[in-house]
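Have a look at the structure below before the remarks.
Only the coordinates and a few stated rules stand behind these numbers; no lab work does. Remember, predicted model here, so these are calculated numbers, not experimental data. Neighbour counts are summed over all protein chains in view; Cβ atoms, including those assigned to glycine, are modelled from backbone coordinates with ideal geometry.
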């Protein structure tokens, strides 16, 4: 199980990542020209939503269905994926967050890492 503090620490470990509220969730953005969201976290720490590609979503949901599920709406059809933190370990969370961060980061920032 990954705690709220551990999730935040992993999310903020990526270059230019910042925490900023997003409606009723804790949001994580790449502090770059557009400030794109790459993840959100429920305040109770039960789950997080990741902004992935459809291919990444399909891969993670097939590999770890107890951890990953598509968000059940139009966002899910675009790759938004819910991650259940009670079922995830740090390695899985870090890998999935890296996928989401990579999609949100501008090209120059991705090549600097």
Tell me what the chain gives for mean residue ellipticity at 222 nm when only DSSP H runs of n ≥ 4 count, each as -39,500 (n - 2.57), the sum divided by the residue total, rounded to 500 deg cm²/dmol.
-> -11000 deg cm²/dmol
With no solvent and one equal point scatterer placed on each C-alpha of region 37-113, evaluate the Debye formula and give log10 I(q)/I(0) for q = 0.15, 0.16, 0.19 Å⁻¹, two decimals.
-> -0.47, -0.53, -0.74
Ascending count of other beta-carbon atoms within 10 Å, so fewest first, for 28, 14 | 14, 28
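How much FRET efficiency would the formula 1/(1 + (r/R0)^6) give for residue 111 and residue 25, where r is the Cβ-Cβ distance and R0 is 41 Å, rounded to 0.05?
Given R0 = 41 Å and the Cβ-Cβ separation, E is 0.90.
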Pop the C-beta distance of residue 6 and residue 78 into the FRET formula with R0 = 25 Å and round what comes out to the nearest 0.05.
-> 0.35
For 20, 74, ascending order of other Cβ atoms within 10 Å (fewest first) is 74, 20
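Sorting 29, 103 on the 10 Å Cβ count, fewest up front, what's the list?
Going from least to most buried by this count: 103, 29.
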Alpha carbon centre of region 46-69 versus region 86-113: separation in Å?
-> 13
Give the residues of region 1-24 whose amide nitrogen is closer than 14 Å to a point set 7 Å from the Cα of residue 91 in the direction of its Cβ.
-> 1
Normalised contact order of the chain, rounded percent, pairs of Cα under 8 Å and 6 or more residues apart | 28
